[in-house]
Each structure stands twice: as structure tokens, then as C-alpha cells.
Amino acid sequence: MSGTDVFFPPTEFAGSAHVGSLEAYRDLCRRAEEDPEGFWAGMAEQEVHWFEKWHHVFEWNPPFVKWFAGAKTNAAYNCVDRHLETRGDKAALLFEGEPGDRRTITYRELHSLVGRFANVLKAQGFKAGDRSVIYMPMVPEAVVAMLACARLGITHSVVFGGFSAEALKARIQDLEATLVLTADGGWRRGKEVRLKGAVDEAVADCPGVKCVVVLRRTGCEVTMAAGRDHWWHELEEGVSDECPAEALDAEHPLFVLYTSGTTGKPKGILHTTGGYLTYTTCTMKWVFDLKEDDVFWCTADIGWVTGHSYLVYGPLAAGATCVMYEGAPDYPAWDRWWDVVERYKATILYTSPTAIRALIKQGEEYPNRHDLSSLRLLGSVGEPINPAAWEWYHRVIGKGRCPIVDTWWQTETGGILISPMPGAVPLKPGSGTFAMPGILAEVVDFHGNPVAADGEGFLIVKRPWPSMIRTIWGDPQRFEQQYFSRMPGNYFTGDAARRDADGYFWILGRVDDVMNVSGHRLSTMEVESALVRHPAVAEAAVVGKPHEITGQAVCCFVTLKQGSGSNDHHALAQELRQWVAHEIGAFARPEEIRFSETLPKTRSGKIMRRLLREIVTSHTVTGDVTTLEDLGVVTKLAAQHDED
């Protein structure tokens, strides 16, 4: 094993792990590679309940795939019903609201909640094939909403509660959703985040929405449109909690989750039912070494794929007890998370490098106030974690006892593709280590040839896996072009990576113009599109710049329209920040806006964002400028830093 910073699995941990040695891990990989149909059939039979078995394990016609064709199953049945006999009184959700309200919901109680709400939706006329948008705070009813939709075969799309009305509207319209599930509001840093008002603004331009169901969470006053809007609790009065789960095709659309794309229009990533359930349940056990008495806490919001796969579907299908927390890590103080870990005796903590860096900045005093001895495993997700943050996480939070699973995956992949199995794989801080069984990942050059050890290249996956994206909603051509045209027959991840002499993967980040801000993928084009909608802006170019807390921050270069009358650049910059926040969401608010008479362009008129990235990171330009139309533009922009 090369490298000095190698952390081997603790002997005690490895001794009881699902996969307890490197040899056992390699055996799983060998079986999956040599007989993928037999391997995944075995996993599916072991981890998922099927009403009817499949005719074929998978049918691969690049770029399209079907898994477990002909089989019938149901995600909600797998997450709730099948546990009733053996785990009915086990806690499924341990909820902590930001104001301090707490609920423990057993699998039996969750079954009752899901069945009752599914009957509510059925009474409103919704059925399999319909589509819903869920725009809710992090409360148990958000999970109930997802599972009730899954129970009936209503394809859901969860929209993060931090998104604006404009972003919500775009997603409702693209999905052609007829049902919206929301709340009056939620809590964040002691303040009420109002959601119903944003829904009202969004659906004003969505005549296809027939029904809006509103959960009462904060108690604020909201406007209810007669005939369209209904209070959740009123609809549930007197409704039975017995609602049989629909037997759905394995390829029935479970959910569509929108993520930023390089064209500026968000992409609707479609995931189906049987293969997704199989893979997320397998990875819950492989990656998190899940045991019956674990208390699992994934800190992600359900508006992101991490919340779908590792707060709802994966853990509940595996019969886990999950912590669910509504608010921010710094409210009312920076030890809130550690208080939650101590209170619920969490054994597994899965969070983002962004959160870890923010916690590091506050010092060791806050975690040291609390007993974190219940923790036995730590996880990281959302972006590569730098070695310094990894070591702090290991030393301060894990007290040197807990392995760290540094996971790499995407909205499109549905589940974790690269990660250590904590009882088997020696860890290197900053590396995701190895691919999961059945994931044939490779680092290649422009021509698709594997690069030598420690060489940088494009990360691809050479064979389909059960939880992979099926298509982009309503746009199969874009799906094929974006993910399969670059390396035909292979899934192109869009990430750069290298592989060291031991075969460990090191993810280097995006190769396209998508920023990663606090673990949220955000298209530069999406921000540029918002900026140029402002009446004073003629043109905009957006790049990500390194940020010690969020990973990347949004930096905008803006040219103004002649005669716009905007001479106060400081005030206009503030206005544009607020404009972007309104158009997309607060998390997209630019950190820096620079005004320029022109932008660096090629002779064909293409903005050279590569040069702008160099300017915001090093304040100099050292790359190739042979195609640049006017070098003076770059010189002026680089000099702006010294004037700021």
C-alpha cells in the first residue's frame, strides 16, 4: 500500500462487518463482473420484495436500459409493509424540529400515516401515472408524502424548500404535475421559511395543477384557493389507514429529480422502481455496514438525491432507524448537531464536506461539549473532501475510532458508485477508494483509453447498474447527448479523476460548467440566464471560485446595457445578488459581482470562462490565449482584484 496516510479498518469493526476483508470485497466484485445477471438477480431476491418476478435481469440497448423487466414491486411496500411483522415497533424516524419539538415514529405508525395519506390522494382522484411536486420542510410528513405517492404509483418530484417560486414553477411545468404537496412553512435558523406563498406564485402560471395539499407546520396565515387548496389535516379526518400498495412494473417511474445542466434549463433525472430499490438497499449495507441496532443520520434535505436514497428509500427499505432534523447546524448554536448525535445516540453520521468545513471553522469546543461515543462510522457526500477536513472529522468527531466512508455518486447514478467498504478497505484521506461491486469505473483520455497510474482523465462507467438514470424527463435526445455521446456505450460522468498506483480513485471535480456550491450542483448557465433577465444587464459570465466553506462560490462578470442609468455599482451588485436569489434560490446568491465593459471572447464570440476561472482563483492568466479576441479585456479584469 503506497502513501504514508493510510488508515486500516479497526480490527473490532472488521470482525463484525458485512464485508470484513479486502478479499471478501474483491470476491463480490469478481462475481459481479463475471456474471452480472446472476449477481444482480441474487441481490434483488435478497434485498427487495417482489409481487411478481422478472423475465430478464436487464436489457441494455445503449443508452437505454431496463432492469428486472416484467417484475412487479412497490417502493412503499418495501420501505414499510414488509417490516411490520419483524420491526413493527421499531423506530423508523426519530424527528427533531428546529424549535425543539420531537417525534418518534415506528414502522407500524409510519404504515398507518402513509396508508391514510395515500387514501386522501386516491379520494382526490389521483392514481398511478399522475405526477406530483413535493415542496415541503424537513418534517416526517415529507417522507409520508413521498411514500404515499410511491404506494399509488404517482411519480413524485421533490423540490428543495430553498428554491424560489420561479424555480418551482419551471419544475411543475416541465413535469406537467397536477398535484402539489406543501406546507405553510418551515423553520430555519429561528426564522419561518414561508412555502405556501411561493406555491401560490408558482401555480398562478400552472393551470394544470388541480390540487394543492397544505400541511400546517408553523401556523402562519396563508391564502387558500377555494376548490384547489386543502388542509392536510382536514382531508385526513375519518379516512382509513388501510390502502393496499399498487403492484407496479419494475420500470415504473418512481421519481423525477431536477438538477442543474450546462444549458441553463434544469434536467429532470428519471429514476424507476425495482433497480433503484435494489441498488440503494445493497449500498446501505455495503457502504454503511448497517446493523439492526444502528441509528442512522443522513443530514441531507430530501430535496436532494442524497435525501431520497439515504434518508428515505435506502434506509427504510433496509429497516433502519433514521434521524431526521429540520433546521440548520448552527441554531441556536454551533453544537446543535452534536446535541442531536448525543440525544439520539446516533451510530452513523453521513454529511457533506461543506458542513464539515463550516464546523471546523468554529473550533473543537462545540463537539467536545458532547458525548459522541455512540458514533461508529462517519460518511461524506456531495463533493471531494480535502485531506485536512477528513483528518479533522476522523480525529475530532470520530475520536480516531470511526472509519470514514468518502462516497462519490451523482443524482444520475441513484446510489453510491465509489466508496470504501469500511470493514474491508484501507482508507486514504481525500480518496473515495474503490468502486462498488458491479460498477466498472475507469479513468480514460479523450479517446476512451485508460490513463496510466496517477494520470488525470475522464471518469466513466463501462456497464449499466440497477439504479442508473433512465432518461431526462421529456428529452431522451439530451440524455443520450449528455451522458453517452462523448464515450459511446459508456456512461460519461462529467467528472475528472485520477487513479493512483494502488487503484484508488481520486475525484477532481467537474469537467463542464457546473459549479458545486455547498454540495448543490448549480449550472453557470442557469445563473447567467437569471442575470441577463435583469433590465440593466446586457451580458453575464459566471464561474465558480474556490471557497473554504461552500467548496465553490458563485462569481459573476457582468456588462451593463448602455444608458441603463446604473452608476452606483455597489448598489447594483446588491440588487443583482437579490435578483439571482429570487430567480433561483438563496443558495445561488453570488458572492462576487464584477462589472466590465466587455468580456473575454474568442474570435467566434464564445466567452472564455476558463480565463475567468483563472482570474478569480489566481488573479493572473497563464493559460492559452491564442484564440482570445482582445487580450486587454483580460488584463483589465485581472487588475480589478487589486482595486477591490
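Here the convex hull built on the C-alpha positions of the range 276-378 has a volume of 94 cubic angstrom per residue. For residue 428, the lysines whose Cα falls under 29 Å of its own Cα, not counting residues fewer than eight places away in the same chain, are 285, 291, 345, 361, 399, 462, 545. Apply the Debye scattering formula to the range 212-263, with a single equal point scatterer on each alpha-carbon and no solvent, then give log10 I(q)/I(0) at q = 0.16, 0.21 Å⁻¹. Listed by q, the Debye log ratios stand at -0.86, -0.95.
Mark the label point 7 Å from the Cα of residue 595 along Cα→Cβ and return the residues of the range 543-583 whose backbone N is within less than 15 Å of it. Taking a point 7 Å out along Cα→Cβ of residue 595, the residues of the range 543-583 whose backbone N falls under 15 Å are 556-577. The residue list 114, 223, 136 was ranked by how far each Cα lies along the charge dipole of the range 101-237 toward its positive end, using unit charges on Cβ atoms, and 114 comes out on top.
Report summary: the helix-based calculation at 222 nm, which adds -39500 (n - 2.57) for every DSSP H run with n ≥ 4 and divides by the residues of the chain, gives -9000 deg cm²/dmol. Only lysine pairs 8 or more places apart or on separate chains count here, and in the range 1-135 those with Cα atoms under 21 Å apart total 4. The dipole here belongs to the chain: it is taken about the Cα centre, uses +1 on the Cβ of Lys and Arg and -1 on the Cβ of Asp and Glu, and is about 340 debye. Most simply put, the range 220-345 has about 65% antiparallel DSSP beta bridges, counting only bridges with both residues inside it. Near residue 196, which lysines are there with a Cα under 21 Å away, not counting those fewer than 8 places off in the same chain? The qualifying lysines are 169, 210.
The label-point distance for residue 27 and residue 46, in a model that sets each label 7 Å from Cα toward Cβ, rounds to 1.1 nm. Modelled spin-label separation between residue 451 and residue 224, with each label point placed 7 Å from Cα along the Cα-to-Cβ direction: 5.8 nm. Per residue, the convex hull around the alpha carbon atoms of the range 96-198 comes to 91 Å³.
Look at the alpha carbon pairs under 8 Å that are at least 6 residues apart: their mean separation over the length of the range 11-438 gives a relative contact order of 18 percent. Put simply, the range 343-435 fits an ellipsoid with semi-axes of 22, 14, 13 Å; these come from the alpha carbon gyration tensor as the roots of five times its eigenvalues, largest first. For the pair the range 57-131 / the range 553-582, the C-alpha centres are spaced 45 Å from each other.
Taking 1.567 mPa s as the viscosity and 4 °C as the temperature, the Stokes-Einstein diffusion coefficient of the range 11-438 based on its alpha-carbon Kirkwood radius rounds to 59 µm²/s. Please give the FRET efficiency for residue 127 paired with residue 477, using the beta carbon to beta carbon distance and R0 = 30 Å, rounded to the nearest 0.05. Rounded to the nearest 0.05, the efficiency is 0.50.
Working from label points 7 Å from Cα in the Cα-to-Cβ sense, the residue 8 to residue 85 distance is 4.4 nm. For the pair the range 341-380 and the range 274-297, the centres of their Cα atoms are 21 angstrom apart.
Legend: calculated FRET efficiency, residue 620 to residue 216, from the Cβ-Cβ distance at R0 = 60 Å, rounded to 0.05, equals 0.60. When the alpha carbon gyration tensor of the range 449-531 is reduced to an equivalent ellipsoid, the three semi-axes, largest first, read 25, 19, 11 Å.
Among 482, 542, 304, pick out the residue whose Cα is farthest towards the positive end of the charge dipole of the chain, where Lys and Arg carry +1 and Asp and Glu carry -1 on C-beta, about the Cα centre. Among 482, 542, 304, the one farthest towards the positive end of the dipole of the chain is 482. Along the positive direction of the dipole of the chain (beta-carbon charges: Lys, Arg +1; Asp, Glu -1; about the Cα centre), which of 11, 471, 586 reaches farthest? Sorting the options by dipole projection puts first 471. The alpha carbons of the range 376-489 stretch over 49, 34, 23 Å along the principal axes, in descending order.
Throughout, read-outs are computed from the coordinates displayed, never taken from laboratory work. This one's a predicted model, so the numbers in the text were calculated from it and none came from an experiment. For neighbour counting, all protein chains shown are included, and Cβ atoms are generated from backbone atoms with ideal geometry for every residue, glycine included.
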